Structures are given as structure tokens and as C-alpha cells.
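The values are calculated or read from the model by the stated rules, or taken from the named source; none is laboratory data. As the structure is a prediction and not an experimental result, all values here were calculated from the model. A quick note on method: Cβ atoms are made from the backbone with ideal geometry, for glycine too, and the neighbour counts reach across all protein chains shown. With ligands, DNA and RNA removed, areas are computed over all heavy atoms of the protein, side chains included. Shrake-Rupley method; radii C 1.70, N 1.55, O 1.52, S 1.80 Å.
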Amino acid sequence: MTETTTPLTRFAVPGRITVSEQAATVWQTATLTEIRHETPRAATFRLAVPGWAGHLPGQHLMLRLTAADGYAAQRHYSIASAPDDSGHIELTLDRVPDGEVSGWFHTVARPGDTVEVRGPLSGFFAWPGDRPALLLGAGSGVVPLMSMVRYHRARDLGVPLRMLVSARSPEELIYAAELGAETTPVFTRSAPPGVPVGRMTAAHVAPLLAEQPSHGWEAYVCGSNAFAEHASRLLVAAGQPVERIRIERFG
Ligand SMILES: Cc1cc2nc3c(=O)[nH]c(=O)nc-3n(C[C@H](O)[C@H](O)[C@H](O)COP(=O)(O)OP(=O)(O)OC[C@H]3O[C@@H](n4cnc5c(N)ncnc54)[C@H](O)[C@@H]3O)c2cc1C
């Protein structure tokens, strides 16, 4: 649960703003190019952002919607896509009941619409791909973790990576078709035949910690406040050093 140096900041000259930090202060126009439905409540929105400065897996951005009368709403969203040179990024949004911004995306937004984005933000939750990563997520908390999984695959990285992801049911498991052997899903309300129903427990976490790759795991936890507390307690109880647990809370 610490803030550490990442490649974005490692070479920073004290007092001098870096290119990435500069980009993060500038609002850029993003054009919606594609909408993909992931689950009944979650969809992925692909955005063309020609001036995007690049990001590391795990980072998020600030998104702004502005109405004709000048009223603006801003929200943080994790970046779901792996870093690449396509000039596009992807966000996956849960539809929050009566949600101002997620509601607009799920009911109004169409390809060709524009929004504004500012980022990337937070080097703290970024995974540079250079250390074993143990990922624990719940609900849309899987979004920044999926960027890490996609990056791991795209770069064919040799470092171990494992993911535990909690969803209410198989239908609500975001990216289900894309998850591979690195992922263990946990279902809290209904599960396929033969799979137990219940919360993430020590029985899920302990075997992964027992694998102990050389140099140990860096743990990334993402989800609601309640999930973040629960998952980080499980990690500490299983022996994960507290200073090697990074938490992103969507609550
Ligand atoms: C760093 C960070 C990254 C995030 N990344 C993502 C992401 O990748 N995908 C994603 O879907 N969301 C993400 N969020 C949450 C996102 O920022 C918004 O809070 C969420 O989309 C709701 O905004 P809204 O405008 O739709 O709802 P609002 O109009 O802000 O809220 C409407 C109502 O819903 C309640 N509410 C607000 N948020 C939630 C919630 N998450 N769950 C349940 N009820 C809620 C509010 O209390 C209010 O009553 C992230 C948050 C943070 C801090």
C-alpha cells in the first residue's frame, strides 16, 4: 500500500515537468469509434485520441462531458486497453443506476460522438510489466487489471501473472470470453454447475501466494471500498507484505 517509482517518474528531473505529466494536464478530444457490450450492465467504449501520450497498464484518466449550457461532469475511468500505437484507448463502464456519466454512455452515446479526456493519471497503480503481478478485482475493478493481462499477452512477458476476479454470476463476469489460464473467477450469487458460490476467501488467495515467484508478488487490488478492504486483508493474512499491495478504489 505504497506509492513507488514507475518508469514514468523514474527519470524525472526534480522541478521539471515530464512529457507524460504535461499531457495529463491537457484536455483532449476523444471520438467514440465503437461500443461493445460485455455483460448486461457493462460495455466497452473505444475512443480515438490522436494526441494520446501513451499509458502504462493500470493507469486511469479523467473524462469530461459538457452540456450545451456549459454544465460539465467529470469522472475517473481506468484504461482497459493495453498500451499500443493505435491512437485508440478503451474504457469499460458499468451502468450505475441514475448515473450521470455512465448513464450517458450506456443510453445516449453513439460512434462519432466526442468527449474530453485528460491523462494518463496515477503512476501508483501502474504495472510496468517488469515484476510478477498478482491481480485481485471485483466487478468493474477488473478493468485496469485487464489492461495488465492484455499487455502481458501482447508483449509475451515472461514474468508470472495471476488474476482472481469476483463477479456476481457468469453473465456478469466482464471480459469472460477473453480470460485464460491466468484467471480464476469467483462467483458470489450464482455459478456454473460444480463451481462453489461465495466470496473470495483465503482458499483462493493462499495457493497463489504459495507459488512465490522469485522477488515475490506485487499485488494489485481494485474494486469497491468493501472489496478492497476484504481482498487486502486476505493478502496480508496469506503473507503478502503490506508495502507490496497497491489498491485502486472505485467507491
Ligand atoms: C480511479 C477510478 C477509476 C474508475 N474506473 C472505472 C471503470 O473503469 N469503470 C467504471 O464503470 N467505473 C469506474 N470508476 C467509477 C466512476 O468514476 C464513476 O464513479 C461511475 O461511473 C459512476 O459515475 P456516474 O456519473 O455514472 O454516476 P453518478 O451520477 O456519479 O452517481 C449516481 C448514483 O450512483 C451512486 N454511485 C456512484 N458510483 C457508483 C458505483 N461505482 N457503484 C454503485 N453506485 C455508485 C452515487 O452515489 C449516486 O447515488 C472509477 C473510479 C475511480 C476513482
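This table checks each residue for (1) open to solvent by 30 Å² or more (accessible area, probe 1.4 Å); (2) modelled with pLDDT under 95; (3) more than 22 Å from Gln240 (Cα to Cα).
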site	(1), (2), (3)
Gly112	yes, no, yes
Glu116	yes, no, yes
Leu135	no, no, no
Pro144	no, no, no
Arg155	yes, no, yes
Met163	no, no, no
Glu178	yes, no, yes
Pro185	yes, no, no
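What do you reckon, is Phe125 closer than 16 Å to Gly223 by Cα, surrounded by 13 or more Cβ atoms within 10 Å (Cβ to Cβ) and within 13 Å of the ligand (Cβ to nearest atom)? Give the derivation first.
On the way: closer than 16 Å to Gly223 by Cα: yes; surrounded by 13 or more Cβ atoms within 10 Å (Cβ to Cβ): yes; within 13 Å of the ligand (Cβ to nearest atom): yes.
Against the criterion (closer than 16 Å to Gly223 by Cα, surrounded by 13 or more Cβ atoms within 10 Å (Cβ to Cβ) and within 13 Å of the ligand (Cβ to nearest atom)), Phe125 qualifies.
If Leu209 meets every condition in (1) at pLDDT 95 or above; (2) open to solvent by less than 70 Å² (accessible area, probe 1.4 Å) apart from one, which number is that one?
For Leu209, the failing item is (1).
Return the only residue of Arg168, Arg150 being in contact with a helix residue (DSSP H, G or I) (Cβ under 9 Å, 6 or more places away or on another chain), open to solvent by 50 Å² or more (accessible area, probe 1.4 Å), closer than 23 Å to Glu38 by Cα and modelled with pLDDT of 95 or more. If you could, list the steps in order and put the result at the bottom.
Numbers: Arg150 fails: open to solvent by 50 Å² or more (accessible area, probe 1.4 Å).
After ruling out the rest, the residue left standing is Arg168.
Residue check, Arg110 against (1) without any contact (Cβ under 8 Å) to a residue 60 or more places away in the chain; (2) farther than 26 Å from Ala133 by Cβ, all met but one. Which one?
(1)
Which of (1) open to solvent by less than 20 Å² (accessible area, probe 1.4 Å); (2) of a type in the set (Val, Ile, Thr); (3) within 11 Å of the ligand (Cβ to nearest atom) is the odd one out, the single condition Val96 does not satisfy?
That leaves (1) as the condition not met.
State whether one or more residues within the range 146-167 are within 15 Å of the ligand (Cβ to nearest atom) and part of a loop (DSSP other than H, G, I, E, B). Spell out how you get there, then give the answer.
Taking the range 146-167 as the starting set, the residues that turn out to be within 15 Å of the ligand (Cβ to nearest atom) are 146-150, 165-167.
Checking which are part of a loop (DSSP other than H, G, I, E, B) leaves us with none.
Looking through the range 146-167, none of the residues is within 15 Å of the ligand (Cβ to nearest atom) and part of a loop (DSSP other than H, G, I, E, B).
Would you mention how many residues in the range 43-77 are open to solvent by 10 Å² or more (accessible area, probe 1.4 Å) and closer than 29 Å to Asp156 by Cβ?
Final tally of qualifying residues: 11.
Please tell me if Arg131 is touching an Asp or Glu at 6+ places or on another chain (Cβ under 6 Å) and more than 30 Å from Leu209 (Cα to Cα). Full working, then the answer.
On the way: touching an Asp or Glu at 6+ places or on another chain (Cβ under 6 Å): yes; more than 30 Å from Leu209 (Cα to Cα): no.
When the stated conditions are applied, Arg131 does not pass them.
Which residues, taken from the range 79-93, are within 21 Å of Pro50 (Cβ to Cβ) and near the ligand (Cβ under 9 Å from one of its atoms)? Outline the logic, then answer.
Step one: list which residues in the range 79-93 are within 21 Å of Pro50 (Cβ to Cβ), which gives 79-91.
Of everything in the range 79-93, those that are within 21 Å of Pro50 (Cβ to Cβ) and near the ligand (Cβ under 9 Å from one of its atoms) turn out to be Ile79, Ala80, Leu91.
Could you look through the range 212-229, keep only residues that are within 16 Å of the ligand (Cβ to nearest atom) and surrounded by fewer than 20 Cβ atoms within 10 Å (Cβ to Cβ), and pick out the one that is nearest to Ala138 (Cα to Cα)?
Here is the first cut: in the range 212-229, the residues within 16 Å of the ligand (Cβ to nearest atom) are 220-229.
With the extra rule that they be surrounded by fewer than 20 Cβ atoms within 10 Å (Cβ to Cβ), the set shrinks to 224-226, 229.
Numbers: Ser224: 8, Asn225: 11, Ala226: 10, Glu229: 12 Å.
Among residues in the range 212-229 that are within 16 Å of the ligand (Cβ to nearest atom) and surrounded by fewer than 20 Cβ atoms within 10 Å (Cβ to Cβ), the one nearest to Ala138 (Cα to Cα) is Ser224.
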